[in-house]
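All of the numbers you see were taken from the coordinates with simple rules; none came from a lab. Computed from a predicted model, the values in this text were never measured in an experiment. No Cβ is skipped: glycine too gets one built from the backbone with ideal geometry, and neighbour counts run over all protein chains shown.
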Amino acid sequence: MPIGYRMGKTAMRVAEVERARDHGAFALVEIGVGHPQTCMADGVMASTGCTYGKLMIERLGYGKMATIMVVPGKPAVRVYLRSEFQDELATQEFFSYRKRGVEPSEIPREVAQRAVDVVLNAPEERMFKVEHLPDLAFSRPKGTFAKVKCHQCGEYVFERYARMVGGNPLCIPCSGFTEARSEVLKGQQ
Ligand SMILES: [Zn+2]
């Protein structure tokens, strides 16, 4: 989390943008699933204000420790946690506990604090590689408040997610339409 917190700070500084109050920036985190340090994204959310619920953060699923900050009208900024720094951090005792399957809250506090301090005190240029991605294309579907009631369960569903079955709108679970959920439910995202 401290890695992501600082990664977000660096991305904001380079992109010349303040912590998002509304919807002015997007954080595309390059983490995947099934590998350590994915909580980096929690730190990115904390520092940038690009939160999951506001759909301002997306996971690209590359399995890399990097974040791309997209601010409309500006070139995108990519911040990567330098390989050398990842190697240095990996020598921290904290990660030998993690590799043995010890949960973070069960690791002795002073051991965890040492790892946090390494991250918080490292000079930015030693920690991160920063680059601009002027050609990166990223856009969102236009938002709409329109919603319909599912013909089967009676619950509201935002219109773009309704599926027409036999002439009636159904929500995705009632329709049996699985494509939208299959990636998430099968852990294939
Ligand atoms: Zn339904």
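Return the subset of LYS74/LYS129; LYS9/LYS74; LYS9/LYS99; LYS9/LYS64 for which the Cα-Cα distance in this structure is over 22 Å, preserving the input order. Intermediate values should be presented prior to the final figure.
Details: LYS74/LYS129 19 Å; LYS9/LYS74 17 Å; LYS9/LYS99 28 Å; LYS9/LYS64 18 Å.
In this structure, LYS9/LYS99 exceed 22 Å between Cα atoms.
Looking at the calculated P(r) for the chain, what percent of the C-alpha pair distances fall above 19 Å?
Working: 11700 of 17766 pairs.
Above the 19 Å cut-off, the chain has 66 percent of its Cα pairs.
So for each of 13-21, 133-141 I average, over its residues, the number of other beta carbons within 10 Å; can you give me the resulting order with the highest mean first?
Numbers: 13-21: 14.4, 133-141: 9.7.
My ranking of the peptides, most packed first, is 13-21, 133-141.
How far is the Cα center of segment 138-170 from the Cα center of segment 68-93, in Å?
38 Å
So what's the back-of-envelope 222 nm ellipticity for the chain, counting only DSSP H runs of four-plus at -39500 (n - 2.57) apiece and dividing by all residues, rounded to 500? Don't skip to the answer; put the middle values down first.
Numbers: 8 runs with 66 residues, N = 189.
Estimated from H runs of four or more residues: -9500 deg cm²/dmol.
Counting Lys +1, Arg +1, Asp -1, Glu -1, what net charge surrounds SER83 among other residues with beta carbon under 11 Å of its beta carbon?
On the way: positive: LYS64, ARG82, LYS129; negative: GLU84, ASP87, GLU88.
Neighbourhood net charge equals 0.
Please sort through the DSSP H helices of the chain and keep those with an alpha-carbon extent of at least 18 Å along the long axis and a Kyte-Doolittle average not below -0.5. Walk me through the numbers on the way to the answer.
Working: long enough: 2-15 (19 Å, -0.09).
Membrane-span-like by this rule: 2-15.
What is the order of MET65, MET1, MET164, fewest Cβ neighbours within 10 Å to most?
Details: MET65 25, MET1 18, MET164 10.
Lowest to highest Cβ neighbour count: MET164, MET1, MET65.
Can you divide the C-alpha Rg of segment 1-113 by 2.2 N^0.38 Å and report the result to two decimal places?
On the way: Rg = 14.7 Å, N = 113, 2.2 N^0.38 = 13.3 Å.
Cα-based Rg divided by the globular estimate yields 1.11.
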